[in-house]
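Working notes, beginning with the structure itself.
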Amino acid sequence: GPELLVCVGPLALYYMHDPERMCLEARTLSIGLGMSGVAQQCFCIFGNMIISALKGHNKNEFLELGWEIGRYFDSGFHDRVKAILDGAYRSKPSFRLDSDGDVCDTIESVIWAFDSTSNFKEGLLRVMELGGCSESAGSLFGLLAGSYYGWNGIPDNWIRVLARQQAIKSVAERLWRASLSSLY
């Protein structure tokens, strides 16, 4: 289900300089987890969005860059994935977004909250207010928004109560260094 999408975060960080490899690894992971073809595509576009955030692209570029991932799928994108990349969520009122659904529904709600807010706190609260499987949606929002806003973009009082924050930072720094060393 959607909670498995959190696995794409470390892949995106490690392969941030090789989006094709990230997509290949994300597809392999999602196939191993028994996910559908459309879920595999969601894994790849979400991973690509995280890479875009890490590289400092602006929000408007995220979805445009997502289309590039389509070349890794022989049959092209599924209609549901096309609708996400086309920004169809922008015309939906929030009550129609479903974070309790499948991978596409959850990704759509996360992207909607990220796109319609201007900071980590506001976006996380917005996606959590959708109800449903808000833990998964909140975790995924944290991956994307954390990649975009950085550690300093997360409210200090939230950081202070974060369990194992040093371990989290350590793993992220090691993945970052490994990503950089893979360039050579």
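What is the residue count in segment 7-42 for residues that are of a type in the set (Val, Ile, Thr) and open to solvent by 60 Å² or more (accessible area, probe 1.4 Å)? So the count comes out to 2. The single condition among (1) touching a Leu at 6+ places or on another chain (Cβ under 8 Å); (2) hydrophobic (A, V, I, L, M, F, W, C); (3) modelled with pLDDT of 90 or more that residue 137 does not satisfy is (3).
For (1) open to solvent by 50 Å² or more (accessible area, probe 1.4 Å); (2) under 19 Å from residue 142 (Cβ atoms), each residue gets a yes or a no:
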{"site": "44", "(1), (2)": "no, no"}
{"site": "63", "(1), (2)": "no, no"}
{"site": "69", "(1), (2)": "no, no"}
{"site": "73", "(1), (2)": "no, no"}
{"site": "82", "(1), (2)": "yes, no"}
{"site": "86", "(1), (2)": "yes, no"}
{"site": "102", "(1), (2)": "yes, no"}
{"site": "106", "(1), (2)": "no, yes"}
{"site": "111", "(1), (2)": "no, yes"}
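How many of the residues in segment 132-167 are in a helix (DSSP H, G or I) and open to solvent by less than 80 Å² (accessible area, probe 1.4 Å)? Adding up the residues that qualify gives 20.
Of all the numbered requirements in (1) in contact with a Phe, Trp or Tyr (Cβ under 7 Å, 6 or more places away or on another chain); (2) closer than 26 Å to residue 131 by Cα, residue 105 misses one, and that requirement is (1).
Applying the criterion of being open to solvent by 30 Å² or more (accessible area, probe 1.4 Å) and modelled with pLDDT under 90 to the residues of segment 120-131, the residue that is farthest from residue 45 (Cα to Cα) is 129.
The values are calculated or read from the model by the stated rules, or taken from the named source; none is laboratory data. Just so it is clear, the model here is predicted, and its values are computed rather than measured. Note that each Cβ is placed from the backbone with ideal geometry, even for glycine, and that neighbours are counted across all protein chains shown. Surface accessibility is based on the protein's heavy atoms, side chains included, excluding ligands, DNA and RNA. Shrake-Rupley method; radii C 1.70, N 1.55, O 1.52, S 1.80 Å.
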